[in-house]
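See below for the structure under consideration.
The values are calculated or read from the model by the stated rules, or taken from the named source; none is laboratory data. As the structure is a computational prediction, the values presented were derived from the model and not from experiment. When we count neighbours, we look across all protein chains shown, and the Cβ atoms used for this are built from the backbone with ideal geometry, even at glycine.
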Amino acid sequence: MLMNDRWRAGLAIALLAALSICSARAYAADRMCDGPSDLTRLDRPLVHVGEKLSAREPIKIVALGSSSTAGAGASSPAASYPSRLAVELGKLYPDVPITVLNRGINGQDAAEMIARFKQDVIDERPDLVIWQIGTNAALRDVPIEDVGKLVREGIAEIKNAGADILLVDPQFAPKVIAKPEAEGMVRLIATTATSTKVNVFRRFAIMRHWRERDGMSFDAFTSPDGLHMNDWGYGCWAKLMCTAISDAATRAVTSAHASPDAVHINNKSAIP
């Protein structure tokens with residue numbers, strides 16, 4: 001009888017836990033995807049993407065990263081952030097062919113990604129490279145200065161290939177924020193982006209906003225492993241990134257049209 005009581009008690013606890021998770025996920029699914037403009041707006045225009053959009057020419061985006069690019073924690077590959085980003089961009093620009101290649105590999109750090117740059121990035125001739133970095137380095141206590149050197153090296157390679165660059169910093173998730181150097185990694189990526197004049201999508205700050213300002217539980221946007229995002233989290237990330245890319249590309253086109261130098265170069269009739 002005692003064993004039966006314990007079994008029933010254990011089953012009840014498991015059911016309550018499952019209901020709690022389902023309730024949190026339903027809560028997230030019903031919420032509007034939120035990201036304040038001061039966190040989602042990219043600092044710099046995306047020149048190459050803007051040119052292609054203006055000309056209605058095909059655009060190729062390479063999403064490089066580790067498990068949260070590959071889609072760990074998502075219910076299917078279609079729910080990964082690169083897949084959802086392709087859908088969001090397709091809805092926004094139905095008359096422009098946009099391809100998003102998922103080049104995420106579980107568990108990789110910056111050094112391992114750079115080792116496959118030529119095949120997975122450069123040879124694809126992308127217009128935009130979205131490089132998600134920093135999480136595995138923080139989890140493995142890799143010295144920050146080592147990561148900074150690798151990120152600068154990777155940025156130089158991408159620039160030489162003629163593509164726009166968008167860095168993505170770590171996720172605000174329980175297993176990440178438990179590491180003492182997590183926020184230091186976020187700062188390193190931000191300062192490296194500033195010094196090399198590239199953009200950062202501030203995933204860490206956006207997810208912290210969901211948790212601390214919107215009051216969402218971690219279960220609402222992260223998977224049960226306490227590390228990766230779930231379908232809602234990936235989907236919202238993609239929506240916010242789509243808006244950020246569109247805004248930065250539009251600014252690039254507007255700046256080009258407003259610049260006298262651009263008119264002088266692009267309009268032969270303006271040349272004396």
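Of the listed requirements (1) part of a helix (DSSP H, G or I); (2) under 20 Å from Phe201 (Cα atoms); (3) free of Cβ contacts under 8 Å to residues at least 40 places away in the same chain; (4) not aromatic (Phe, Trp, Tyr), Ala78 misses just one: (2).
Could you please let me know if Glu112 is assigned to a helix (DSSP H, G or I), charged (D, E, K, R) and either at pLDDT 95 or above or touching a His at 6+ places or on another chain (Cβ under 8 Å) (or both)? Talk me through it step by step, then tell me what you get.
Details: assigned to a helix (DSSP H, G or I): yes; charged (D, E, K, R): yes; either at pLDDT 95 or above or touching a His at 6+ places or on another chain (Cβ under 8 Å) (or both): yes.
For Glu112, the condition - assigned to a helix (DSSP H, G or I), charged (D, E, K, R) and either at pLDDT 95 or above or touching a His at 6+ places or on another chain (Cβ under 8 Å) (or both) - is met.
There is at least one residue in the range 164-183 that is of a type outside the set (A, V, I, L, M, F, W, C), over 25 Å from Arg44 (Cβ atoms) and modelled with pLDDT under 95.
Could you tell me whether Arg41 is in contact (Cβ under 8 Å) with a residue 60 or more places away in the chain, surrounded by fewer than 22 Cβ atoms within 10 Å (Cβ to Cβ) and farther than 16 Å from Leu227 by Cα? Talk me through it step by step, then tell me what you get.
Numbers: in contact (Cβ under 8 Å) with a residue 60 or more places away in the chain: yes; surrounded by fewer than 22 Cβ atoms within 10 Å (Cβ to Cβ): yes; farther than 16 Å from Leu227 by Cα: yes.
It is true that Arg41 is in contact (Cβ under 8 Å) with a residue 60 or more places away in the chain, surrounded by fewer than 22 Cβ atoms within 10 Å (Cβ to Cβ) and farther than 16 Å from Leu227 by Cα.
Give the residue that is farthest from Asn136 (Cα to Cα), with candidates limited to residues of the range 187-205 that are within 17 Å of the chain's Cα centre (by Cα) and of a type outside the set (A, V, I, L, M, F, W, C).
Step by step, filter the range 187-205, then rank; the result is Asn199.
Quick one: how many residues across the range 160-184 are within 17 Å of Asn199 (Cβ to Cβ) and either without any contact (Cβ under 8 Å) to a residue 24 or more places away in the chain or of a type in the set (Gly, Ala, Ser) (or both)?
The first filter runs over the range 160-184 and keeps only residues within 17 Å of Asn199 (Cβ to Cβ), leaving 161-170.
Applying the additional criterion that residues be either without any contact (Cβ under 8 Å) to a residue 24 or more places away in the chain or of a type in the set (Gly, Ala, Ser) (or both) yields 161-163.
Of the residues in the range 160-184, 3 are within 17 Å of Asn199 (Cβ to Cβ) and either without any contact (Cβ under 8 Å) to a residue 24 or more places away in the chain or of a type in the set (Gly, Ala, Ser) (or both).
Which residue out of Gln132, Gln108, Gln119 is of a type in the set (S, T, N, Q), more than 19 Å from the chain's Cα centre (by Cα) and under 22 Å from Ser80 (Cβ atoms)? Steps first, answer last, please.
Details: Gln132 fails: more than 19 Å from the chain's Cα centre (by Cα); Gln108 fails: more than 19 Å from the chain's Cα centre (by Cα).
On inspection, the qualifying residue turns out to be Gln119.
When you look at Lys118, is it surrounded by fewer than 23 Cβ atoms within 10 Å (Cβ to Cβ), in a helix (DSSP H, G or I), basic (Lys, Arg) and modelled with pLDDT of 95 or more, yes or no? Taking the combined requirement at face value, the residue satisfies it.
In the range 206-254, which residues are of a type in the set (A, V, I, L, M, F, W, C) and within 12 Å of the chain's Cα centre (by Cα)?
Step one: list which residues in the range 206-254 are of a type in the set (A, V, I, L, M, F, W, C), which gives 206-207, 210, 216, 218, 220-221, 227, 229, 232, 236-238, 240-242, 244-245, 248-249, 252-253.
Result: Ile206, Met207, Met229, Cys236, Trp237, Ala238, Leu240, Met241, Cys242, Ala244, Ile245.
Filtering Val87, Val96 for residues that are in contact with a strand residue (DSSP E or B) (Cβ under 8 Å, 6 or more places away or on another chain) and at pLDDT 95 or above leaves a single hit, Val96.
Filter the range 44-75 down to residues that are aliphatic (A, V, I, L, M) and without any contact (Cβ under 8 Å) to a residue 60 or more places away in the chain and give me whichever is farthest from Val121 (Cα to Cα).
Of all residues in the range 44-75, those aliphatic (A, V, I, L, M) come to 46-47, 49, 53, 55, 59, 61-64, 70, 72, 74.
Filter again for without any contact (Cβ under 8 Å) to a residue 60 or more places away in the chain, leaving 55, 70.
Numbers: Ala55: 23, Ala70: 15 Å.
In this case the residue turns out to be Ala55.
Filter the range 187-203 down to residues that are in contact with a strand residue (DSSP E or B) (Cβ under 9 Å, 6 or more places away or on another chain) and in a helix (DSSP H, G or I), then give me how many there are. Within the range 187-203, residues that are in contact with a strand residue (DSSP E or B) (Cβ under 9 Å, 6 or more places away or on another chain) and in a helix (DSSP H, G or I) number 7. Remark: pairs (first residue in the range 185-204, free of Cβ contacts under 8 Å to residues at least 12 places away in the same chain; second residue of a type outside the set (Val, Ile, Thr); Cβ separation under 7 Å; 6+ apart in sequence or on different chains) are absent.
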